[in-house]
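Every number in this text was worked out from the coordinates using simple rules, so none of it is lab data. Here the structure is a predicted model, which means the values were calculated and not measured. FYI the Cβ positions are ideal-geometry reconstructions off the backbone, even for glycines, and counts take in every protein chain you see.
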Amino acid sequence: MTGFTILGIIAALIGVVLVVNAIRGGVHTPRRAGMLIGGMMLAAFGIVLAGFAIAYERTEPLDLNAVTVK
């Protein structure tokens with residue numbers, strides 16, 4: 001695992017914890033609503049970051065100089 005994968009997983013977990021904490025406390029205050037929005041954004045960013053890092057690790061480099069004639 002690269003650092004970006006680990007960072008993405010950590011960000012996603014922290015985001016989910018923020019969302020759960022905001023929902024349990026009720027979203028009636030601006031602070032809880034901000035926690036809910038921020039938690040969702042952080043969770044989505046972590047998932048995207050980890051996903052792109054995993055896809056970058058798993059794929060082979062693209063050889064643009066290779067000639068394929070069909």
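Computed extension length for L62-I9: 16.4 nm, one decimal, from 0.36 nm per residue of separation with the Cα-Cα distance subtracted. Computed from label points 7 Å out along Cα-Cβ, the spacing between T2 and F52 is 1.0 nm.
Within 10 Å of each residue's Cβ, count the other Cβ atoms and sort T68, T29, T59 from fewest upward.
Details: T68 4, T29 11, T59 8.
Listing T68, T29, T59 from fewest to most nearby Cβ atoms yields T68, T59, T29.
Across the range 32-49, computed HN-Hα scalar couplings (Karplus, 6.51 cos²θ - 1.76 cosθ + 1.60, θ = phi - 60°) run 5, 5, x, 5, 5, 5, x, x, 5, 5, 5, 5, 5, 4, x, 5, 5, 4 Hz from first to last residue, x flagging Gly and Pro.
If the Kirkwood radius is taken over C-alpha pairs of the range 3-70, then at 37 °C and 0.692 mPa s the Stokes-Einstein diffusion coefficient equals 237 µm²/s. Coupling constants for the range 4-9 follow from the phi torsions by the Karplus curve (6.51 cos²θ - 1.76 cosθ + 1.60, θ = phi - 60°), and in residue order they are 5, 5, 5, 4, x, 5 Hz; glycine and proline get x.
Neighbour counts of other Cβ atoms within 10 Å put V69, V20 in the fewest-to-most order V69, V20.
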